[in-house]
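Let me begin by presenting the structure, written as structure tokens, before commenting on it.
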Number of protein chains: 2
Amino acid sequence: MRSTPAPGSADLPAGSTEPPGVAAASTARSDRTARARIRDAAITRFAADGVAATSIRAIAAEADVSPGLVIHHFGSKDGLRAACDAHVAARIRQAKQQAVAAGAALDPIGALRAASQGPPVLRYLARTLAEASPQVAALVDELVDDAVAYQADGVRTGMLTESDDPRGRAVVLTMWSLGALVLHEHVARLTGVDLTEDPATSGAWVVPATEALARGVLAEEIYDRVRDGFAAEEDGHDGR
Amino acid sequence: MRSTPAPGSADLPAGSTEPPGVAAASTARSDRTARARIRDAAITRFAADGVAATSIRAIAAEADVSPGLVIHHFGSKDGLRAACDAHVAARIRQAKQQAVAAGAALDPIGALRAASQGPPVLRYLARTLAEASPQVAALVDELVDDAVAYQADGVRTGMLTESDDPRGRAVVLTMWSLGALVLHEHVARLTGVDLTEDPATSGAWVVPATEALARGVLAEEIYDRVRDGFAAEEDGHDGR
DNA sequence: CAAACTCCTGAACATGCGTTCAACCCCCGC
DNA sequence: GCGGGGGTTGAACGCATGTTCAGGAGTTTG
């Protein structure tokens with residue numbers, strides 16, 4: 001449309017997430033590139049107030065730059081949002097792989113909490129899980145796929161029971177985990193546990209959740225009835 | 001502040017949710033009061049796009065009134081939002097009581113789906129569960145309290161197993177249910193089941209969820225370990 | 001018929017928004 | 001020293017927003 005060279009067209013500048021020499025000790029606030037600072041500020045504000053309710057000016061103020069620079073780097077607010085989605089997804093994938101490498105692949109999101117250095121990645125995820133985004137949707141699909149694999153491992157080692165529908169169960173467990181994350185404010189109010197931080201500080205959430213998943217909640221016969229009911233419907237194609 | 005009489009100051013005009021003679025048969029679209037039409041339009045738009053991303057003009061257009069009338073009736077956009085919260089909470093409480101009276105008190109939210117006549121109450125809930133609102137928070141607290149009572153009944157009739165922490169388990173199950181509702185778009189993409197409609201049209205969600213809740217997922221010993229671990233931490237006050 | 005009342009509209013207001021653009025600073029190669 | 005280019009600013013633009021307000025139907029009451 002325009003003759004301007006469209007500066008922010010490249011979404012990810014070739015893995016430049018961190019220029020090498022960043023020491024963890026100093027609390028330096030301007031040694032990162034402005035682009036990274038803006039992105040992190042956007043993640044913080046989006047996580048706190050939601051995307052629609054956050055203005056570019058608020059993000060610029062948090063990053064200590066001018067509104068114009070935000071647009072210069074990301075093209076538009078939508079571009080910024082996409083870049084945040086991509087960055088958060090990348091951070092979470094990376095944390096996931098680290099957790100797998102470390103051996104603790106039990107709870108998909110439990111592992112992600114380790115990623116809580118820097119911008120509030122998990123709170124951002126909690127927000128955007130409810131606001132349709134293709135990047136987040138792809139991430140969720142991956143989490144489900146991974147959960148299927150983890151489950152297979154868990155069944156082999158005897159930590160998990162077998163399932164009639166491994167993928168269905170993976171979907172259910174992933175949705176329960178992520179759903180609780182989205183509702184972290186309600187969980188915090190009801191139990192005092194902040195799921196976006198390390199939930200092991202109190203057992204008020206983890207213990208009952210583990211109990212439900214280990215001992216079960218429903219009488220086993222109920223499952224047989226529900227399953228057979230739907231199986232009959234499938235056969236008859238319309239259970240009426 | 002102003003000398004204006006502030007027309008919309010009364011939040012709920014003395015239980016006028018439905019003037020008596022509304023027949024369910026006719027699809028009449030303008031026999032309801034404009035106030036009710038605006039409120040339902042707002043619920044629809046808020047449910048579809050989120051509160052922040054919905055303009056008063058869009059609501060006015062959907063309700064076929066002028067933007068001014070929206071303000072006249074509800075005072076402000078925040079007032080409208082509060083009225084929607086209150087109305088949806090009332091609708092859900094009512095549906096819940098009906099479901100209890102009808103005997104099917106098993107799944108707190110499953111019962112709520114029956115309320116899906118009129119504006120998309122459940123989708124509105126799914127949206128606002130993630131956007132802090134005191135009215136919705138109070139509703140969630142009620143759902144948990146009710147779940148505690150339902151669980152006690154269920155244990156008595158043998159449909160549910162006993163729990164070491166009934167309230168904790170009620171919180172967990174309620175959060176899982178509501179969380180899955182919030183993520184209904186992801187659930188629909190992954191399983192084809194729309195949790196905001198009647199989920200019994202397919203077992204792809206209900207069957208694995210029932211399996212997980214009935215048979216359990218984790219090896220039982222894991223619960224003992226987790227519980228004892230936290231119990232030890234409680235005793236020592238700091239498990240280091 | 002007119003006055004009064006309720007419901008409602010349409011234009012207008014101020015504000016804040018996302019975005020644009022010309023100019024500026026500062027560092028780097030020459 | 002000097003030109004040039006990327007990073008950055010600040011003012012401005014057009015627009016959509018939430019809200020205000022004077023008054024226009026339409027019906028009821030005197």
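Since every read-out is calculated from the coordinates, none of them should be taken as a lab result. The structure displayed is predicted, hence computed values, not measured ones. Glycine also receives a Cβ, built like all others from the backbone with ideal geometry; neighbour counts cover every protein chain displayed.
Would you work out which of B:HIS186, B:ALA58, B:ALA42 lies farthest towards the positive end of the dipole of the range B:30-201? Charges go on Cβ: Lys and Arg +1, Asp and Glu -1.
So the residue furthest toward the plus end is B:ALA58.
With a cut-off of 8 Å between alpha carbons and a minimum separation of six or more residues, what is the relative contact order of the range B:30-201 in percent?
Reported relative contact order: 20 percent.
Using the Kirkwood radius over C-alpha pairs as Rh, can you work out the diffusion coefficient of the range B:52-105 via Stokes-Einstein at 25 °C, viscosity 0.890 mPa s, in µm² per second? Let's see the in-between values first.
Details: Rh = 12.8 Å.
Answer, rounded: 191 µm²/s.
How much length is gained if the chain between A:ARG225 and A:ALA34 is pulled fully straight, taking 0.36 nm per residue apart and subtracting their Cα-Cα distance, in nm to one decimal?
Numbers: separation 191, 0.36 × 191 = 68.76 nm, distance 5.92 nm.
Separation in residues times 0.36 nm, less the Cα-Cα distance, equals 62.8 nm.
Please work out the FRET efficiency for the pair B:ARG156 and A:ASP141, using the Cβ-Cβ distance as r and a Förster radius of 51 Å; give the result to the nearest 0.05. Can you show the working numbers first?
Details: r = 41 Å, r/R0 = 0.81.
My answer for the efficiency is 0.80.
Report, for A:SER202, each distance to the same residue's label point in the other copies, shortest first and in nm; define the point 7 Å along Cα→Cβ.
3.9
How big is the range B:30-201 by the Kirkwood estimate over distinct Cα pairs, in Å?
Details: mean 1/r = 0.0583 Å⁻¹.
After inverting the pairwise mean of 1/r, the radius is 17.1 Å.
Using amide H atoms built 1.01 Å from N in the peptide plane, name the residues 5+ places from B:LEU129, or on other chains, whose amide H lies under 5 Å from its own.
Excluding prolines and chain starts, which carry no amide H, there are no hits.
For the charge dipole of the range A:127-167, defined by +1 on Lys and Arg C-beta atoms and -1 on Asp and Glu C-beta atoms about the Cα centroid, which residue among A:VAL136, A:GLN151, A:PRO166 has the Cα displaced farthest towards the positive pole?
A:VAL136
Under 5 Å between amide H atoms, partner at least 5 residues away or on a different chain: which partners does A:LEU160 have, H built in plane at 1.01 Å?
For A:LEU160, the qualifying residues are A:VAL155, B:ALA219.
With N set to the number of residues, divide the alpha-carbon radius of gyration of the range B:125-240 by 2.2 N^0.38 Å and report two decimals. Mind dumping the intermediate values first?
Working: Rg = 17.0 Å, N = 116, 2.2 N^0.38 = 13.4 Å.
Against the empirical 2.2 N^0.38 Å value, I get 1.27 for the range B:125-240.
How much length would be gained if the chain were fully extended between B:ALA90 and B:ASP64, taking 0.36 nm per residue of separation minus their Cα-Cα distance, in nm to one decimal?
Working: separation 26, 0.36 × 26 = 9.36 nm, distance 2.48 nm.
So the extension gain works out to 6.9 nm.
Any chance you could run the full-extension gain for A:GLU197 through A:ALA52? It's 0.36 nm times the residue separation minus the Cα-Cα distance, nm to one decimal. Please list the in-between numbers first.
Numbers: separation 145, 0.36 × 145 = 52.20 nm, distance 2.48 nm.
Going from the current span to full extension adds 49.7 nm.
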